[in-house]
Amino acid sequence: MKIIAIGGGGFTHDTEPDLDDLCLSETGCNHPRVAFIGTASGDDPVKIERFRARFADVAASLEHFQMTLSAAQLTQKLGQVDLVYVGGGDTEKMVSAWRQSGWDDVLRKAYQSGVILAGVSAGAVCWFDTFLFSSGKGVMRPLPGLGLIPLGACPHYSSETDRRAALHAAVTAKTMPASVAIDDGVAIVFENGSPTRVFTAQKGSGAYMVYWSPQGATEQTLSID
């Protein structure tokens, strides 16, 4: 079971194509069958077009899974893909929509059956127990994710300057568990819920673990031996 969590970048941002290549390589297929979910951006046509343009020459097939699909229809389509890529946007609205439609259970079962789940920003952090949510207004707050990875998560860790303080405060207050913090240009590969690889496409960027301690949250660079 594999999840690829990208802090920021890739085809939806039109940056760091190496992040997309990583997702393709993790399938182990020369020409994988790839699908895109754009729920978090309201199925933004620009992101859908970027998806098709980026993978047209390297994928055996491409699918865009619209939110109009029923849970039963999604189940059928997921049986025909190797990799699902989830784009960024409003994580709270996306996870809520998935729960209302039953997509959350369908995606969980697809993951358990071996479909690789990848995504950026909202599409990266939705798979965790808890994610740090920013609406762009007001205070960032922890929200429950799908629980496929038993950690908290935070994207855009170094590029959005308020995120570090907000994550440390949440971990210190124990409103978030031990959490991964991912810079833009960085991806973490998780297998069976544990990190197995950190991939950096942007010089100077990284991934970090933020733990609770009696003195306040402690940050350590995440490195895989």
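The values are calculated or read from the model by the stated rules, or taken from the named source; none is laboratory data. Note that the structure is a prediction, hence the values are computed from the model and not measured. Glycine also receives a Cβ, built like all others from the backbone with ideal geometry; neighbour counts cover every protein chain displayed. Heavy atoms of the whole protein, side chains included, go into the accessibility calculation; ligands, DNA and RNA do not. Shrake-Rupley method; radii C 1.70, N 1.55, O 1.52, S 1.80 Å.
Looking only at residues of the stretch 112-143 that are touching a Gly at 6+ places or on another chain (Cβ under 8 Å) and assigned to a strand (DSSP E or B), we find that the one that is surrounded by the fewest Cβ atoms within 10 Å (Cβ to Cβ) is Asp129. Within the stretch 49-108, being hydroxyl-bearing (Ser, Thr, Tyr) and closer than 27 Å to Met140 by Cα holds for Tyr85, Thr91, Ser96, Ser101. Looking across the stretch 1-24 at every residue that is closer than 15 Å to Asp183 by Cβ and of a type in the set (D, E, K, R), the one that is least open to solvent (accessible area, probe 1.4 Å) is identified as Glu16. Within the stretch 191-204, does at least one residue satisfy the condition of being surrounded by fewer than 13 Cβ atoms within 10 Å (Cβ to Cβ) and out of contact with any strand residue (DSSP E or B) (no Cβ under 9 Å at 6 or more places or on another chain)? Yes: the stretch 191-204 contains one or more residues that are surrounded by fewer than 13 Cβ atoms within 10 Å (Cβ to Cβ) and out of contact with any strand residue (DSSP E or B) (no Cβ under 9 Å at 6 or more places or on another chain). The set of residues in the stretch 28-47 being open to solvent by less than 30 Å² (accessible area, probe 1.4 Å) and within 18 Å of the chain's Cα centre (by Cα) consists of Val34, Ala35, Phe36, Ile37, Gly38, Thr39, Ala40.
Residue-wise test of (1) touching a Cys at 6+ places or on another chain (Cβ under 6 Å); (2) among the aliphatic types (A, V, I, L, M); (3) more than 22 Å from Glu26 (Cβ to Cβ).
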{"site": "Arg99", "(1), (2), (3)": "no, no, yes"}
{"site": "Trp103", "(1), (2), (3)": "no, no, yes"}
{"site": "Lys109", "(1), (2), (3)": "no, no, no"}
{"site": "Gly119", "(1), (2), (3)": "no, no, no"}
{"site": "Asp129", "(1), (2), (3)": "no, no, yes"}
{"site": "Leu132", "(1), (2), (3)": "yes, yes, yes"}
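Looking only at residues of the stretch 1-33 that are among the hydrophobic types (A, V, I, L, M, F, W, C) and part of a helix (DSSP H, G or I), we find that the one that is farthest from Phe133 (Cα to Cα) is Leu24. Yes or no: the stretch 75-86 includes at least one residue that is among the acidic types (Asp, Glu), at pLDDT 95 or above, surrounded by 14 or more Cβ atoms within 10 Å (Cβ to Cβ) and in a helix (DSSP H, G or I). Within the stretch 75-86, not a single residue is among the acidic types (Asp, Glu), at pLDDT 95 or above, surrounded by 14 or more Cβ atoms within 10 Å (Cβ to Cβ) and in a helix (DSSP H, G or I).
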